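Some notes on the structure that comes next.
The values are calculated or read from the model by the stated rules, or taken from the named source; none is laboratory data. It should be emphasised that the depicted structure is a prediction, and the values quoted were computed from it without experimental measurement. Note that each Cβ is placed from the backbone with ideal geometry, even for glycine, and that neighbours are counted across all protein chains shown.
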Number of protein chains: 2
Amino acid sequence: MIIAWIGTGVMGRPMALHLAKAGHQVTVYNRTTAKTAGMAPDVKIETDIPSCVKTADVVFSMVGYPEDVEAVYRTVMKHAKPGAILVDMTTSSPSLAVKLYQEARTKGFDMLDAPVTGGDLGAINRTLSIMVGGDKDVFEKVLPLLEKLGARINHMGGPGSGQHTKLANQTAIAGAVAGVAEALMYASAKQLDPYRVISVLTGGSAHSWQAEINGPKMIDKDYRPGFYVKHYLKDLKLALAEKEDLSLPVLEQVTRAYELLAKHGYADMGTQAIIEYYLRKML
Amino acid sequence: MIIAWIGTGVMGRPMALHLAKAGHQVTVYNRTTAKTAGMAPDVKIETDIPSCVKTADVVFSMVGYPEDVEAVYRTVMKHAKPGAILVDMTTSSPSLAVKLYQEARTKGFDMLDAPVTGGDLGAINRTLSIMVGGDKDVFEKVLPLLEKLGARINHMGGPGSGQHTKLANQTAIAGAVAGVAEALMYASAKQLDPYRVISVLTGGSAHSWQAEINGPKMIDKDYRPGFYVKHYLKDLKLALAEKEDLSLPVLEQVTRAYELLAKHGYADMGTQAIIEYYLRKML
């Protein structure tokens, strides 16, 4: 299978290499060319999108923001081979995913939205969870490729459903991570040993991945990014933009917190930095 | 060891029986006498607190609300044996715990606050997590008894620290359970298969006990109580009452949700009924 891969950041780079290792002919493109350094000869490197995609059976993308996705596919759809399958793995706008799907169909392509969870470690260790929206038969065609990238792959429904699922996931995280931060603020005000509190929390019905992994980082003020504040904020804003008339007050509250964190210089830190929203009384 | 046990509800009853099974002489009292039915001959049943506590080395209580705790110990401290250790396992007010501790010390008793997590199943299966506040040497004296009741027992600090830890735990749950409810509301609005969404959530950084256990119950509208709305609301209000000048917006938001749920007839249902706060637009 001839594969084009657009976007070789911390996620895209190991993913493209997994496909190459699986025996596929992979050509990569990245806007910042430095990020493709060292990938050859496992993959072929191109410095423009048309050259990258022109012979590909499947075009994958893993870029930054919805506007990047839109710009990439404006070019891809001009230069890709008729009948190519386009798979956007960026966490992006569900509405944009639907729009691009329709445009792709009009131009003789198939298209899937397939955002992931699991972070850079998931990408490296092929343990990603991949949530796919689009036509079932197209999903089945690319499933063998997705299985080289992740451990759990779910077809969630028509176009946009992958993105919607990812946004539901990020919404659940919003409550969990804020709950842990507020519990630690309370514990600290009451002079409790915070590590012992995390150990109690993770032993029962307060247990969460956020308490277990991000709780200790909050205590240690270790804000090195597992998942960037700026990227999470993008996701939260997408969820708010898509929620229509639903009232989701916790999502709204936590989005405000991350907006303030980004404004106060925490954009490039990990999401556990939400504790600073409380410590620095940004409220 | 001669033990008095006050409060034989869904939690207290199996706990008292565990101590009796461990070979201790246990005398129980419950305000509603029907709830002690069938406990004899494993334990001795008394119908007033003075008779229940008068010879006990250790007095345990597991009752409903802080006002019940206060009333119980007003009587207990008049009739217990000098030097008895008093252990309140109710989730109650940390300030009240400190006040009762001081009163107990003045009157020649020792006292611990020792609330639990793990629910009725934890009480039955002896898998409770027990969070203890009070003097370390007193904690060590009753530790062999607590080990008959739970799997994880932590001394958290001075009087009130057990209660504070429990309230921190409940604060973390507030975010997690609301996050799951909001994620499911979003998923439902986008016509996603909610069971598949829960499966995605529980496979990554959105994972929580609340998503795993209460998520499917929310989908099924199965509001049978694991943990009652009315009891959780009590805990949330205690946390707000104790937080002083801390700003904990998610805790505040979720407390409002449970207040409205209680007002709308959900007080005797399980905490997963929070989904009705969104479905019925109580906001």
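Could you please give the count of residues in the stretch B:178-206 that are within 27 Å of the chain's Cα centre (by Cα) and surrounded by fewer than 24 Cβ atoms within 10 Å (Cβ to Cβ)?
1
Can you name the condition, by its number, that A:Gly204 falls short on among (1) small (Gly, Ala, Ser); (2) closer than 30 Å to A:Ala104 by Cβ; (3) not assigned by TED's automatic domain parsing to the domain that holds A:Leu19?
(2)
For a quick check of your reading of the model, give me the residue pairs whose first member lies in the stretch A:3-31 and is at positive phi, whose second is in a helix (DSSP H, G or I), with beta-carbon atoms closer than 9 Å and at least 6 apart or on different chains.
Qualifying pairs under 9 Å: A:Gly7/A:Arg13; A:Gly7/A:Ala16; A:Gly7/A:Lys35; A:Gly7/A:Asp68; A:Gly7/A:Val72.
What's the number of the condition B:Met156 fails, among (1) assigned to a helix (DSSP H, G or I); (2) of a type outside the set (Asp, Glu); (3) crowded, with 24+ Cβ neighbours inside 10 Å; (4) facing another protein chain (nearest Cβ under 8 Å)?
In the conditions (1) assigned to a helix (DSSP H, G or I); (2) of a type outside the set (Asp, Glu); (3) crowded, with 24+ Cβ neighbours inside 10 Å; (4) facing another protein chain (nearest Cβ under 8 Å), B:Met156 misses (1) alone.
For A:Ala114, indicate whether it is within 14 Å of chain B (Cβ to nearest Cβ), touching a His at 6+ places or on another chain (Cβ under 9 Å) and either surrounded by fewer than 19 Cβ atoms within 10 Å (Cβ to Cβ) or of a type outside the set (Asp, Glu) (or both). Before you say what the answer is, go through the steps one by one.
On the way: within 14 Å of chain B (Cβ to nearest Cβ): yes; touching a His at 6+ places or on another chain (Cβ under 9 Å): no; either surrounded by fewer than 19 Cβ atoms within 10 Å (Cβ to Cβ) or of a type outside the set (Asp, Glu) (or both): yes.
No.
Quick check on my filter: what residues within the stretch B:178-208 are at the interface with another protein chain (Cβ under 7 Å from one of its Cβ atoms) and among the β-branched types (Val, Ile, Thr)?
B:Val180, B:Val197, B:Val200
Collect the residues in the stretch A:117-127 that are without any contact (Cβ under 8 Å) to a residue 40 or more places away in the chain and either in a loop (DSSP other than H, G, I, E, B) or under 16 Å from A:Val87 (Cβ atoms) (or both), keeping them in residue-number order.
Matches in the stretch A:117-127: A:Gly118, A:Thr127.
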